[in-house]
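Participant: So that we are looking at the same thing, I have put the structure below in structure tokens.
The values are calculated or read from the model by the stated rules, or taken from the named source; none is laboratory data. Since the model is a prediction, treat every value here as computed from it, not as a measurement. No Cβ is skipped: glycine too gets one built from the backbone with ideal geometry, and neighbour counts run over all protein chains shown. To get the accessible areas, we keep the full protein, side chains included, count just its heavy atoms, and leave off ligands, DNA and RNA. Shrake-Rupley method; radii C 1.70, N 1.55, O 1.52, S 1.80 Å.
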Amino acid sequence: EKILYKNISYNQERPWQSVLPAFTNSIEQLVEFPSNEEEGGAIVTIAWRLCPWNDFFTKAAIYILWSYLTDSAVSALQKEFVEIEDPLCGDITFSLNDASECAHYITFKNVVTEKINSIKPAFFETLERIVEEGLDMKRMQSVIKQRRVRHLSGIEEDPHSTFSTDLITDFLYSS
């Protein structure tokens with residue numbers, strides 16, 4: 001009765017559910033941070049907004065594509081940036097970030113300081129070449145199969161984490 005008497009409304013809009021303003025241009029930002037090594041250890045991240053949190057098909061497609069491009073020594077980006085005689089970086093990873101509007105980003109780790117500015121142009125040149133040459137569909141099929149096996153394994157071995165993440169995301173961002 002006390003709660004009813006106070007007339008508290010729980011139908012308030014969550015601040016993270018409001019529509020994000022569109023980007024009008026790209027943003028590049030250099031953030032300096034200390035490193036154990038003077039010549040390397042830099043991190044270069046390139047990020048994009050993706051789609052609404054509940055566009056599961058697009059998120060899955062992007063996840064599979066990034067896996068195809070980065071997951072092993074035979075992947076295109078690893079071959080171009082890591083598995084060469086004079087590597088531009090030590091590793092390449094990707095991530096999808098769930099929010100009201102999802103983001104995806106690729107991170108180049110252990111970049112040699114002098115090569116920081118060459119990462120972005122080399123990355124986009126490599127993507128253009130991949131688009132021109134096309135994807136290896138047999139390898140893509142293998143990546144999809146591996147991803148499916150990992151997902152099913154996660155459900156079997158760690159169901160509380162797998163399902164709780166999805167449930168919390170739904171609670172936060174659904175209307």
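Participant: Please give, to one decimal in nm, the separation of the simple spin-label points placed at residue 93 and residue 150, each 7 Å out from Cα toward the Cβ.
Facilitator: 1.2 nm
Participant: To the nearest 500 deg cm²/dmol, what mean residue ellipticity at 222 nm is calculated for the chain from DSSP H runs of n ≥ 4 alone, each contributing -39,500 (n - 2.57), summed and divided by the residues?
Facilitator: -14500 deg cm²/dmol
Participant: Another one. In degrees, nearest 10, range 0 to 90: what is the angle between the Cα axis of helix 56-70 and the longest Cα principal axis of the chain?
Facilitator: Computed tilt is about 20 degrees.
Participant: Which ³J(HN,Hα) values, rounded to whole Hz and listed in residue order, are derived for region 98-114 from phi using the Karplus coefficients 6.51, -1.76 and 1.60 in 6.51 cos²θ - 1.76 cosθ + 1.60 with θ = phi - 60°, glycine and proline given as x?
Facilitator: Rounded to whole hertz, the list is 6, 7, 4, 10, 6, 10, 9, 8, 10, 10, 9, 9, 6, 7, 5, 3, 5.
Participant: With the calculation restricted to Cα positions, what are the radius of gyration and Dmax of region 80-175 in angstrom?
Facilitator: Computed over the Cα atoms of region 80-175, radius of gyration and Dmax are 17.7, 51 Å.
Participant: To continue, here is another question. Taking just the C-alpha trace of region 46-136, give me its Rg and Dmax in Å.
Facilitator: Final numbers for Rg and Dmax: 13.8, 42 Å.
Participant: Using the 2.2 N^0.38 Å rule of thumb for compact globular proteins, work out how the chain stacks up: its C-alpha Rg over that value, please.
Facilitator: Taking the Cα Rg and dividing by 2.2 N^0.38 Å, one obtains 1.31.
Participant: Solvent-accessible area per residue for the chain at a 1.4 Å probe radius, Å²?
Facilitator: Accessible surface, normalised per residue, equals 75 Å².
Participant: Could you tell me what percent of the accessible area of the chain is made up of carbon and sulfur, with a 1.4 Å probe and every protein chain present?
Facilitator: Accessible surface attributable to carbon and sulfur in the chain totals 55 percent.
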